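The structure under discussion appears below in the form of C-alpha cells.
Taken together, the values in this text are just the output of simple stated rules run on the coordinates, not laboratory data. If you're wondering where the values come from, they're calculated on a predicted model, not measured in any experiment. Using ideal geometry, Cβ is built from the backbone for each residue, glycine included, and neighbour counts are taken over all protein chains shown.
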Amino acid sequence: MPSALSDLSPHPIVQAPMAGGASCPALAAAVCSAGALGFLAAGYKTPEAMYEEIRQLRALTDRPFGVNVFMPHRGTPEDGALLSYAEQLAGEATWLEAPLGDPHTGGEDAYDGKIAVLLDDPVPLVSFTFGCPDRAVLEAFAHAGTLTAVTVTSASEAQAAQSAGADAVVVQGLEAGGHQAAFRNDPRQDSAGRGLLTLLTEVREAVPELPMIAAGGLMRGAQIAAVLAAGAQAAALGTAFLVCPESGAHALHKQAITGSLYTRTELTRAFSGRPARGLVNRFLREHGPYAPAAYPQIHHMTAPLRAAAAQTGDPQGMALWAGQGFGLARELPAAELVELLGEELTAALSGSKL
C-alpha cells in the first residue's frame, strides 16, 4: 500500500468520484493506467455493488485507486416539508407517468456495511463526503494500510478532519459540479461557500501540515498548476472526465455538457435536498425554489422522476451535474485527457506555451 498521498500516482491528477454511474471501473482503470489516480464512487450503491466494482477495477489495472464513501445522514426533516415538496412535484409525476419515490428509503447509505468491506479487503485510498468519520474508523483504516481523505468546504471542517486523524483533505470550492460536501446541510450556510483558490489558502493556513487535493471547476493543466502553487499536492477533476467515452454517465448528460443548449450552472436542492451544482434546466428552474433541506429524502423522492426523464430522452428532467468550467470539456479518451493535462501542466510550470 502507498504510505503517502504522493505515492498514489505519477501525475498530480485525480479523477474525482462522481456518484450516479459516471465513475465506473472502466473510467477509473483508464485514468490509473495513464498515471493519474482513478476513483470509484460508492454513494447510492450497496456494499455488494461497491465490492463488485472494486473487483472489476482490480482486474483492469494494478495501479492504486480510491473509493469514495458518503457519510450517513441520520437527521429526519419535518414530514410537512416533504409533503409540500411532493405536492410541488405532483405535476411532474403525472407528466412522466412515474410515481414519486419513498423519501425514507436508505437513509444511511449502508455506511457501516461499506466500511466493513473496505476494512476486510483494503484499498489504497478511501475518501469521505458529507462529514468526517470518528477517530476510531480512521485509525482502523490506518491499521489496514489505507490512506484516508475527508472532503471539506471550510477551514473549520479541515481542522475537524485533522483532529480525527485523516491523512489528507479534499478541498472543494464553490465551483465544483455535483454536491457541495459541507458537513452540515444547513440553508443558512448556502451563501457562505468559498471559491477554490481562496479556500485553499484558508485551509492551508488552518492545517499547514495536512496534504490537500484541490477540487472545483478545474478543466485545464494551467488550472492544476495554479492550485499546486496555492499549496495543493494534487487536483481532482470531475466534469472534465465525465464526458470521456469510458465514463458511465448517461449519453444525454454528456451531450448536455458538450452541446450549446445549456449556458450556465447553479447550486440547487431540487433533485436531492442538498446543494448541488448542475446545468440550469427546466426541472431546476421550476422546482429549485421549493426544495427543502432534506437529504437524502428528496434524492429518493425524485429518483423515479429522473430515471423516467432519462428513459424518455428528456434532459430537462434530469440532474445534469456539472462544474462551472463545463464549457471547457473535451471529448477525449481518459488516457489522452490525462496525457494532455500533463502536457499543459508542464508547460504552465515552465512558463512555456503548448
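A few remarks follow.
- Tilt relative to the chain, helix 155-164 - C-alpha long axis, 0 to 90 degrees, to 10: 70
- Prolate/oblate/rounded label for segment 195-354 (Cα gyration tensor, a/c 1.5): oblate
- The long axis of helix 111-120 is offset from the longest Cα principal axis of the chain by roughly 30 degrees.
- With the simple model of a label 7 Å out from the Cα in the direction of the Cβ, residue 311 to residue 48 spans 2.2 nm.
- Computed FRET value (nearest 0.05) for residue 343 with residue 74, which takes r as the C-beta separation and R₀ as 56 Å: 0.75
- In nm, spacing of pseudo-spin labels at residue 189 and residue 112 (7 Å Cα→C-beta vector): 2.5
- Extension gain, residue 84 to residue 229: 0.36 nm times the residue separation minus the Cα-Cα distance gives 47.5 nm.
- Overall form of segment 197-290 per C-alpha gyration tensor (a/c, 1.5; a/b vs b/c): oblate
- Cα centroid separation, segment 243-303 to segment 1-65 (Å): 24
- Once both labels are positioned 7 Å from their Cα atoms along Cα-to-Cβ, the gap between residue 285 and residue 251 label points is 2.6 nm.
- The chain: angle of helix 79-88 to the longest principal axis, Cα-based, in degrees nearest 10: 80
- Residue-averaged 222 nm ellipticity for the chain, from DSSP H runs of 4+ at -39500 (n - 2.57), nearest 500: -11500 deg cm²/dmol
- Share, in percent, of DSSP beta bridges within the chain that are antiparallel, nearest 5: 20
- The chain - percent relative contact order, Cα under 8 Å, separation 6 or more: 20
- FRET efficiency, residue 261 to residue 94 (Cβ-Cβ, R0 25 Å, nearest 0.05): 0.50
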